[in-house]
């Protein structure tokens, strides 16, 4: 079966044209409770973690769930909140990140995401002090680029 012609034609387009440049980030020493609240309120599944403008990690909804899974069976919701309040983001965030640049093609980015089974690629510019976060490319961005370029809705 041949790939959809429009989606296939987009494979050579650059990430810089389709990444989101307005995003929420958090600091590594913020609490997991704060990150959980941000992610729920903003309805996002990926939260870049930055220190002094440099990307140091990525927190996913799955990371938050994993950190709080043992507390889910407790009857008291306050216990879960206190548990999340004590955990710093840096304790559970992913540090070894797959990233893209603005010059990465959408096809290469999509293949990387599929191969690694991830839903988000931070888009960075290299720097001697560490990569500067300039955008995010998510599964939603790839779908929007291929099939709904005028859609202004969902965030992540």
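Conditions first: (1) over 18 Å from the mean Cα position of the chain (by Cα); (2) closer than 22 Å to residue 61 by Cβ. Residue 152 passes all but one, so which condition is the exception?
Only one criterion in (1) over 18 Å from the mean Cα position of the chain (by Cα); (2) closer than 22 Å to residue 61 by Cβ is unmet by residue 152, namely (2).
For segment 52-147, which helices (runs of 4 or more DSSP H) that fit wholly inside it have 1 or more residues that are modelled with pLDDT of 95 or more and surrounded by fewer than 18 Cβ atoms within 10 Å (Cβ to Cβ)?
106-116
Would you say residue 87 is touching a strand residue (DSSP E or B) at 6+ places or on another chain (Cβ under 9 Å) and under 30 Å from residue 151 (Cα atoms)?
The answer is no for residue 87.
The values are calculated or read from the model by the stated rules, or taken from the named source; none is laboratory data. All figures in this text were calculated on a predicted structure; none of them were measured in a lab. FYI the Cβ positions are ideal-geometry reconstructions off the backbone, even for glycines, and counts take in every protein chain you see.
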